[in-house]
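One structure is given below, encoded as structure tokens.
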Amino acid sequence: MASNLYRADVGLSLVKQLVERQGGHINFKSVEGEGSTFTVVLLIEPRHHVTQLKESPSLL
């Protein structure tokens, strides 16, 4: 059990670092006996080339 908790803690720490490097943040809500919910918030700007791919019928 302790090893699973350690792995979850290390994994969450890595995710937190990655999210913060991208200018985002993590929220969490924990209810004893029910568990925890984590929400990752990243602000992503649309890219022009993605829009072009969606509009091009030859690529669909």
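Every number here is computed from the coordinates shown, using simple stated rules; none is lab data. These numbers come from a predicted model, not from an experiment. Backbone-built Cβ (ideal geometry, glycine too); neighbour counts: all protein chains shown.
Here are a few things to note about the model shown:
- Judged by the mean number of other Cβ atoms found within 10 Å, the most tightly packed of the peptides 19-30, 34-45 leads the ranking 19-30, 34-45.
- Approximate spin-label separation Thr39-Arg21, in nm, with each point projected 7 Å along Cα-to-Cβ: 2.5 nm
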